[in-house]
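The values are calculated or read from the model by the stated rules, or taken from the named source; none is laboratory data. All figures in this text were calculated on a predicted structure; none of them were measured in a lab. Glycine gets a Cβ as well: all are built from the backbone with ideal geometry, and neighbour counts include every protein chain shown. Ligands, DNA and RNA are excluded from the accessible area calculation, which covers all protein heavy atoms including side chains. Shrake-Rupley method; radii C 1.70, N 1.55, O 1.52, S 1.80 Å.
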Amino acid sequence: MTLTSILPTLRASLPDPLDPTVWPAATAATVDDVTVRAVSMQRLAAVAGTPCVHTAEEAPPRYRPRDWQPRTVCVTVAAVTRVRRPWGVLLVELDAVLPDCAVLTEARLIGRPSVAASAAVTVTTNPAGTAGVDAVLPADVAVGDLVCFPCRRALAHRDVVAR
């Protein structure tokens, strides 16, 4: 439980904390963006389009063994293409394929600060909304918003593009 989850209005001036064990090294959060090694994910999506992937080295563990070698991980940015609320469930469709290594518990809304309360959502890529993954996003997520999330291994652009 963080201060921004108790008082969501603080998100306008204070970013949600990141889990440093999941995100790449040198990742920082702002109120409306995530930067990885000083590369803005919002700017990357504006230049490259969505979905897009940024690869970087994984953050070192707190107590690392002597033979530890950093792996390459990535951050994926996708756009929200549809939001539905059937049966009281918030379904969010993305324009990216969700890989099995995606950590959607750390998904972030970027591009605008949101002061809405966090809500449990089901993120999916198919229009039927039959297969989805649970995530936590602000309740006012809308079409056109950008969502970024870390992945536990390196991905290529072709791995996240919907066929």
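Keeping all protein chains in place and using 1.4 angstrom, which order do Arg158, Arg11, Arg153 fall into by accessible surface area, from largest down? Display every interim value, and only then the final one.
Working: Arg158 170, Arg11 20, Arg153 110 Å².
From most exposed to least exposed: Arg158, Arg153, Arg11.
If you wrap the chain's Cα atoms in a convex hull and average its projection over all directions, what's the area in nm²?
Details: hull surface 39.6 nm².
Convex hull of Cα atoms, orientation-averaged projection: 9.9 nm².
Thr2 label point, 7 Å along Cα→Cβ, cut-off 17 Å on backbone N: hits in the range 96-115?
Within reach of a label on Thr2: 103-115.
Only Cα pairs under 8 Å and at least 6 apart count here; give the relative contact order of the range 66-122 as a rounded whole percent. Could you put the intermediate results ahead of the total?
On the way: 34 pairs, mean separation 16.9, N = 57.
For the range 66-122, the relative contact order is 30 percent.
Run lengths n ≥ 4 of DSSP H only: what is the helix-derived mean residue ellipticity at 222 nm for the chain, with -39500 (n - 2.57) per run over all residues, to the nearest 500? Walk me through the numbers before you get to the answer.
On the way: 3 runs with 16 residues, N = 163.
One gets -2000 deg cm²/dmol as the mean residue ellipticity at 222 nm.
Not counting ligands, DNA or RNA, and with a 1.4 Å probe, what is Leu155's accessible surface area in Å² rounded to the nearest 10?
Surface accessible to solvent at Leu155 totals approximately 20 Å².
I need the semi-axes of the equivalent ellipsoid of the range 5-83: take the C-alpha gyration tensor, multiply each eigenvalue by 5, square-root it, list largest first in whole angstrom. Walk me through the numbers on the way to the answer.
Working: eigenvalues 123, 71, 22 Å².
Output for the range 5-83: semi-axes of 25, 19, 11 Å.
Could you sort the peptides 50-56, 69-75 by per-residue average Cβ neighbour count (10 Å cutoff), highest mean leading? Mind showing how you got there, number by number?
Details: 50-56: 20.7, 69-75: 17.0.
Sorting 50-56, 69-75 by mean packing, highest first, produces 50-56, 69-75.
Work out how much length Arg71 to Val39 would gain on full extension: take 0.36 nm times their residue separation and subtract the Cα-Cα distance, in nm to one decimal.
Values: separation 32, 0.36 × 32 = 11.52 nm, distance 1.90 nm.
The Arg71-Val39 span can extend by a further 9.6 nm.
Where nothing but the Cβ of Lys and Arg (+1) and of Asp and Glu (-1) is charged, how large is the charge dipole of the chain around its Cα centre, in debye to the nearest 20? Before the final figure, lay out each step's value.
Details: 16 positive and 15 negative charges, 37 e Å.
For the chain, the charge dipole is close to 180 debye.
How high is the FRET efficiency from Ala28 to Val89, r the C-beta distance, R0 41 Å, rounded to 0.05?
Working: r = 32 Å, r/R0 = 0.79.
According to the calculation, E is roughly 0.80.
Compute the accessible area per residue over the chain, keeping the other protein chains in place, probe 1.4 Å, unit Å². Can you show the working numbers first?
Values: 8740 Å² over 163 residues.
The answer is 54 Å² per residue.
Over the chain, with every protein chain in place, what whole percent of the accessible area is carbon and sulfur at 1.4 Å, could you tell me? If you can, show how the numbers build up before the last one.
Working: 4880 of 8740 Å².
Answer for the chain: carbon and sulfur cover 56 percent of the accessible area.
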